[in-house]
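Rule-based calculations on the coordinates, nothing more; no lab input. Values in this document were obtained by computation on a predicted structure and should not be read as measured data. All Cβ positions, even for glycine, are placed from backbone atoms using ideal geometry, and neighbour counts span all protein chains on display.
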Amino acid sequence: MDNVRGGEEGRVTRCPTCRGDVDMKKVIDYSTFKRVHGPDANADNDDDATASGSDSETDSDSETDSESDIDNNGDLRGFIVPDTNLDGSEDEDDIEDGDGDDEAEPPEKKSKSKKKKKHQKRRQKAVKGKKKEKKHKSIAMLKAEANKSAKGRRRYMAYLRKNFEPSAKVTKCVELLEQFRNDDQKTIIFSQFVSLLDLLQVPIEQKGWTFERYDGSMKADARNDAINRFTDKPDMKIMLISLKAGNAGLNLVAASRVIILDPFWNPYIEMQAIDRAHRIGQQLPVEVHRILIAGTVEDRIIELQNRKKEFVNAALDENVNKSLSRLGQQELGFLFGVNN
C-alpha cells in the first residue's frame, strides 16, 4: 500500500489481507462501489458515464465537508438534539408557535426560544382557566365583606335585591310603615337580627322611602349623624335600629311609632327600646306594634316574658332581679319544647 500512496505503479503491490496482487485499474472508491453493487444499483444503471463521474465528485466533496464538521475528538460540531416527544413528533404548541424567522436563528437559540414560548403559552392557559372559574360566595361571606368596606356593602345589598323574596313579617311591616307615613308619623323599627333589617331595607328602597340605620357595625360619628338627620329632617320618617345597639342611651322623641320585628326573651330589653320614643319631651301618644308569627318559638318567648314579669312583680329583694338576667335550664327547655 505504500507503493500506491507513493504513486509507484510499476512495482507489485499486494493486498494486506489476502496477500494478492493489487491491480490499479480495478481500484475504485467505496461510494462508487456502493452505487453499482448496492440495493439501488438498478435505478442508477440508467445514468450515463458522465453523470456517474459528476456524482462521484459530489460524493467526495460531501465527504470532505462532513469531515470538516468533526472536531479532533471525533464529535460533531454544534450537534443539537431536536426537542421532540418520545414518539418523534414535535409538540403541537411548538408547531403553532413556529415562525419563519426561527430558521435564521442558530440551533441553540432556536431551541431555547421554542421552550420559552411553550412555557409562556402554558402559563397563559393557566391564567385564563383561573379567570373563568368564578368562586361562589355565600350570603354569610358577602355579609362579612359588607362590614369591611363600602364596596362590599354595595355588593351585599345588590345580592339581596336580586334574590329578595318577601315574607309575611316583612310585608306586614311595610303595610304599617305606609299607614304611619300617611298619618305623618315617624317610626322606629327594632330587631335583634341585623340581617332582618337588611332584608327590610330592600322593599323600603323599592318604595322610594328615605330611612336611617343605627347598628353596631357603624362608627360613633356615623351613628350620631344618623340620629341628628332623623330628628331634624321632616321627610325622614323611618329609622332601622339594632336592638342591642339602640336599646339604651338614645333620645328619639321625634318618633311616635315603634315596631318590634322579633321578641326578645328578656322583656326589659324591649321596654328599654320602647323608652327611646316614650321619654320626657314626647308630645304625641306612642304606639307600639309587635309583629309575631303564630305557631313558632315566638309564642313561647312571649309566654316566657309574661312569666318573668310576674316574677319581678312578686319579688321583694334584689337577688330575684339578678336571677332574671339569665336563662335557666328549665326555661331553655321550655323555649325549645324539650321539657316533659
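Descriptive notes on the structure:
- For the range 167-291, the Kirkwood radius over C-alpha pairs fed into Stokes-Einstein at 37 °C and 0.692 mPa s yields D = 228 µm² per second.
- Global form of the range 112-235, assessed from the alpha-carbon gyration tensor, a/c cut-off 1.5: prolate
- Highest to lowest packing among 146-152, 261-267, scored as the average C-beta count within 10 Å: 261-267, 146-152
- Checking every one of the trypsin sites (Lys or Arg not before Pro) in the range 183-224 against DSSP loop status and a limit of 14 other Cβ atoms within 10 Å picks out 219.
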